[in-house]
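*Asks:* Provided herewith is a single structure, encoded as structure tokens, for subsequent inquiry.
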Amino acid sequence: MSGLVFIISAPSGSGKSTLVNGLRSNVPGLEFSVSYTTRKPRGVEKQGYEYFYVDRAAFERMIEQHEFLEYADVFGNYYGTARRFLVEAHAHGNDLLLDIDVQGASQLQASLPDAISIFILPPNRAELERRLRCRSEAEHVDGEIINRRLRTAAKEIENYSKYSYILVNDHLQESIDALTAIVLSERRKRSRGELCESERALLAKAEQYLLPNVRERVQPILASFALPESQVVRK
Ligand code: ADP
Ligand code: 5GP
């Protein structure tokens, strides 16, 4: 392990938490930064596992004490990455995985330029809406919250081309395998020695998801959110 930082962003409901859970059970030596948030736990979420749930006053105290690597206001709640997770992952010789929104990702791409960034897209808008509605039964959220997330999704997706890798989360197991290949191949690229055949296959699999290799694949997805390519923000 070499102290790599992986940043994963996606519109809410794309399946990022599901993919990250799959990745964490496949790949050792990968620590997950548990963010702080002022939003309430949903469904079966537990304090300290998905998030540390704090009130606004506690979050604002942490901001004043410079405890965050980055933080942002997402859907009216604060979310932030505590600096100590990066320090601890380095001390353990592990890599660190951050699940953060596009605002947090651009703050970190400036302060940690070697971080490897991955953007997860839903297959299309209708499927994103279906997943949000399905999950809302567990979350007890109303239709207006879902509509707001769909509007935010279109804005977030405009930023996809600021990321190194783009993963369309269509078939779940395929997506978990792809994410695993991306992480393992980034590690392998930084270690020495000749590649064996399985390692070459791993690198080739991960390369399929590099930004220049997915531009065509994402066009119909952008179109389903009514986003012309011309509206997409470049790196
Ligand atoms: P996010 O963390 O991006 O907000 P979740 O991981 O909570 O999203 O997933 C949103 C919903 O979509 C959940 O109900 C989840 O089970 C479902 N889901 C995730 N990935 C897929 C997939 N590839 N196919 C179908 N449903 C999925
Ligand atoms: P959710 O409430 O659905 O778990 O997350 C909402 C959004 O907040 C997601 O886009 C998620 O990536 C983002 N998020 C979670 N933790 C952080 C964080 O620490 N910093 C930032 N900037 N965004 C975060």
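*Asks:* Does Leu179 fit the bill of being open to solvent by 30 Å² or more (accessible area, probe 1.4 Å), at pLDDT 95 or above and part of a helix (DSSP H, G or I)?
*Replies:* Working: open to solvent by 30 Å² or more (accessible area, probe 1.4 Å): no; at pLDDT 95 or above: yes; part of a helix (DSSP H, G or I): yes.
The answer is no for Leu179.
*Asks:* Please list, ordered by residue number, the helices (runs of 4 or more DSSP H) wholly in segment 1-100 having 1 or more residues that are within 9 Å of ligand 2 (Cβ to nearest atom).
*Replies:* Values: elements: 16-26, 56-64, 83-92.
The qualifying helices (runs of 4 or more DSSP H) are 16-26.
*Asks:* Considering only residues that are without any contact (Cβ under 8 Å) to a residue 40 or more places away in the chain and on the phi > 0 side of the Ramachandran plot, look in segment 63-77 and name the one that is nearest to the chain's Cα centre (by Cα).
*Replies:* Step by step, filter segment 63-77, then rank; the result is Gly76.
*Asks:* Starting from segment 1-23, keep only residues that are farther than 13 Å from Ser33 by Cα, then list their pairs with residues that are aromatic (Phe, Trp, Tyr) whose Cβ atoms are within a distance under 8 Å, requiring at least 6 positions of separation or different chains.
*Replies:* Ser9/Phe119; Ser9/Tyr163; Ala10/Phe119; Ser12/Phe75
*Asks:* A further question on this structure: All but one of (1) modelled with pLDDT of 95 or more; (2) within 13 Å of ligand 2 (Cβ to nearest atom); (3) farther than 12 Å from Ala10 by Cα; (4) not hydroxyl-bearing (Ser, Thr, Tyr) hold for Ile120; which doesn't?
*Replies:* (3)
*Asks:* Here's something else I'd like to know. Restricting attention to segment 30-43, does a residue exist that is open to solvent by 30 Å² or more (accessible area, probe 1.4 Å), without any contact (Cβ under 8 Å) to a residue 24 or more places away in the chain and within 16 Å of ligand 1 (Cβ to nearest atom)?
*Replies:* yes
*Asks:* Since Gly80 meets every condition but one in (1) at pLDDT 95 or above; (2) under 13 Å from the mean Cα position of the chain (by Cα); (3) of a type outside the set (A, V, I, L, M), which condition does it not meet?
*Replies:* If we test Gly80 against (1) at pLDDT 95 or above; (2) under 13 Å from the mean Cα position of the chain (by Cα); (3) of a type outside the set (A, V, I, L, M), just (2) comes out false.
*Asks:* Working only within segment 146-166, note down all residues that are more than 29 Å from Pro212 (Cα to Cα) and touching a residue at least 12 places away in the same chain (Cβ under 8 Å).
*Replies:* Quick first cut of segment 146-166, residues more than 29 Å from Pro212 (Cα to Cα) only: 146-148.
Matches in segment 146-166: Ile146, Arg148.
The values are calculated or read from the model by the stated rules, or taken from the named source; none is laboratory data. Computed from a prediction, not measured in an experiment: that's the story for all the values here. All Cβ positions, glycine included, derive from the backbone under ideal geometry; neighbour counts span all protein chains shown. Ligands, DNA and RNA are excluded from the accessible area calculation, which covers all protein heavy atoms including side chains. Shrake-Rupley method; radii C 1.70, N 1.55, O 1.52, S 1.80 Å.
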